[in-house]
Amino acid sequence: MDATIEKDRTLSRKTILHMFTPLTHMSPFDVNMALDAGYEHVVPYTEVTLGDIGNLVQDAIFSRPPDAGVATGIFLAGKDAELALDMLDAAKKAMVPPFKVSVFADPAGSFTTAAAMVAKVEKTLSKLHGRDLKDARIVVFGATGVVGYCTAVIAAKEGAKVTIVGHDGLVRVSSIAASMGKRFGVTVEAADGSTDLKKTDLLQRSDVALTAARAGVQVLSKAQLSSAPDLLVVADVNAVPPAGVEGLTVNANGENLEGTTIAGIGPLSIGNVKYKTQAGLFEQMIKAEKPVAFDFQDAFALARGLAK
Ligand SMILES: NC(=O)c1ccc[n+]([C@@H]2O[C@H](COP(=O)([O-])OP(=O)(O)OC[C@H]3O[C@@H](n4cnc5c(N)ncnc54)[C@H](OP(=O)(O)O)[C@@H]3O)[C@@H](O)[C@H]2O)c1
């Protein structure tokens with residue numbers, strides 16, 4: 001075939017993103033993000049199981065020549081970090097070189113949100129206290145949720161001493177901490193945060209408190225924060241009033257919480273980095289010269305460079 005015709009054909013290839021979710025709806029947030037980042041076509045698939053991934057990926061890879069792999073993307077959504085990572089593994093295993101496509105997992109935006117929160121905390125610790133995440137005592141509230149889960153894993157992988165807190169006791173968080181250890185080789189402690197007293201006690205033994213609880217739930221009060229002398233930074237991802245941390249404004253960007261010396265990071269400051277991280281990873285997929293596979297570690301690597 002004439003080389004010019006082949007080149008034109010390659011240049012005119014549409015970018016297509018196949019978006020898989022185990023839920024009944026694909027997230028409109030993720031659809032908008034993908035299109036705004038430059039994908040020309042996005043196609044949602046709902047109620048996708050782990051067992052479906054292999055066939056769907058192979059259906060996608062064999063319909064275009066190998067050099068079109070970079071113009072074909074797969075996005076893994078949902079509301080479960082471990083399932084999304086299992087789907088990512090299944091997608092990678094289903095590739096048949098040279099037939100490969102790009103894959104990005106970000107269930108409920110959790111990988112990019114958690115990456116942004118930890119990156120903002122890291123930057124704040126460094127700017128205000130000349131410290132990094134290593135050995136920082138970090139307590140995570142809401143870690144049975146997908147954002148909290150991922151936040152805990154990213155921080156633990158950076159060498160922080162992470163404790164995940166159960167608002168309903170120790171049982172579920174203990175099993176989640178064990179699962180994190182097995183899957184990621186990290187040590188994560190579990191703690192009972194079912195009463196105000198227990199939460200206060202945890203704060204008094206922490207350098208950093210991160211809240212990723214259900215939207216509109218206040219997790220920590222001013223009184224609890226004021227009684228925690230070692231606490232350096234508190235960050236919250238919930239943008240729906242009331243704030244997860246009493247007194248923390250949505251745009252807080254390292255300023256001290258009123259009446260304390262604790263630096264606060266609010267949900268919109270985190271959301272700004274989250275948005276740029278998710279958009280940036282989609283753009284990297286579109287511009288990649290070879291198919292790529294992105295998970296929360298790639299999100300954290302990018303967020304670190306974006307956090308100010
Ligand atoms: N700023 C951003 O850019 C951004 C982006 C994405 C998400 N978010 C926010 O991040 C937060 C977490 O999202 P998600 O998807 O991980 O939510 P999720 O899966 O619903 O998890 C929420 C967590 O909050 C816990 N929780 C529920 N009630 C609680 C209470 N009374 N006290 C303490 N914890 C409680 C849940 O425990 P159970 O397991 O018992 O339900 C779970 O651990 C939400 O507020 C969401 O709006 C922010």
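Each reported figure results from applying straightforward, stated rules to the coordinates on display, with no laboratory input. What you are looking at is a predicted structure, and each value in this text was computed from that prediction instead of being measured. Please note: Cβ atoms are built from the backbone with ideal geometry, for glycine as well, and neighbour counts cover all protein chains shown.
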Any aspartates and glutamates with Cα under 15 Å of the Lys161 Cα? List them, leaving off those in the same chain fewer than 8 positions away. Glu122, Asp132, Asp135, Glu189, Asp207, Asp230
Per DSSP H run of at least 4 residues, take -39500 (n - 2.57); add these up for the chain, divide by its residues and hand me the 222 nm value, nearest 500 deg cm²/dmol. -13500 deg cm²/dmol
Total charge dipole magnitude, the stretch 72-173, about the Cα centre, Cβ charges on Lys, Arg, Asp, Glu only, Debye to nearest 20: 300
Kindly write out, for the stretch 27-40 in residue order, the coupling ³J(HN,Hα) from the Karplus curve 6.51 cos²θ - 1.76 cosθ + 1.60 (θ = phi - 60°), rounded to whole Hz, with x marking Gly and Pro. 5, x, 4, 5, 4, 4, 4, 5, 5, 5, 6, x, 4, 7
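Taking neighbour counts of Cβ atoms within 10 Å as a proxy for exposure, in what order, fewest first, do Glu189, Glu289 appear? Before the final figure, lay out each step's value.
Numbers: Glu189 16, Glu289 6.
Listed from fewest to most nearby Cβ atoms, that is Glu289, Glu189.
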If amide H atoms are modeled at 1.01 Å from N in the peptide plane, then the residues at a separation of 5 or more from Val237, or on another chain, having amide H under 5 Å from its own are Thr211, Ala213
I'd like the distance separating the alpha-carbon centroids of the stretch 35-70 and the stretch 251-272, in whole Å. 39
Among Gly259, Met95, Ala212, pick out the residue whose Cα is farthest towards the positive end of the charge dipole of the chain, where Lys and Arg carry +1 and Asp and Glu carry -1 on C-beta, about the Cα centre. Gly259
Can you list residues whose amide H is under 5 Å from Lys161's amide H, if they're 5+ apart or on another chain and H is modeled 1.01 Å from N? Asp135, Ala136, Arg137, Ile138
Setting aside same-chain residues fewer than 8 positions from Lys79, which aspartates and glutamates have a Cα under 14 Å from its Cα? Asp30, Glu47, Asp106
May I ask what percent, to the nearest 5, of DSSP beta bridges between residues of the chain are antiparallel? 5
Using Cβ contacts closer than 10 Å as the measure, can you line up Met117, Met180, Met95 from fewest to most? Met95, Met180, Met117
Rounded, prolate or oblate, given the Cα gyration tensor of the stretch 1-154, with a/c below 1.5 counting as rounded? prolate
About the Cα centre, and with charges only on the beta carbon of Lys, Arg (+1) and Asp, Glu (-1), how big is the dipole of the stretch 112-270? Nearest 20 debye, please. 420
Out of all DSSP beta bridges in the stretch 3-105, what portion is antiparallel? Express it as a percent rounded to 5. 5
Assigning unit charges at the beta carbon (Lys, Arg +1; Asp, Glu -1) and nothing else, what dipole magnitude in debye, to the nearest 20, does the stretch 196-265 show about its Cα centre? 220
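Take the alpha carbon atoms of the chain, find their radius of gyration, then divide it by 2.2 N^0.38 Å using N residues; give the quotient.
Relative to the 2.2 N^0.38 Å estimate, the chain comes out at 1.06.
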Entries in Lys120/Lys276; Lys222/Lys274; Lys93/Lys290; Lys127/Lys222 that, when Cα-Cα distance is taken, lie over 21 Å: Lys222/Lys274; Lys127/Lys222
Neighbouring Cβ atoms within 10 Å as the yardstick, rank Val147, Val31 fewest first. Val31, Val147
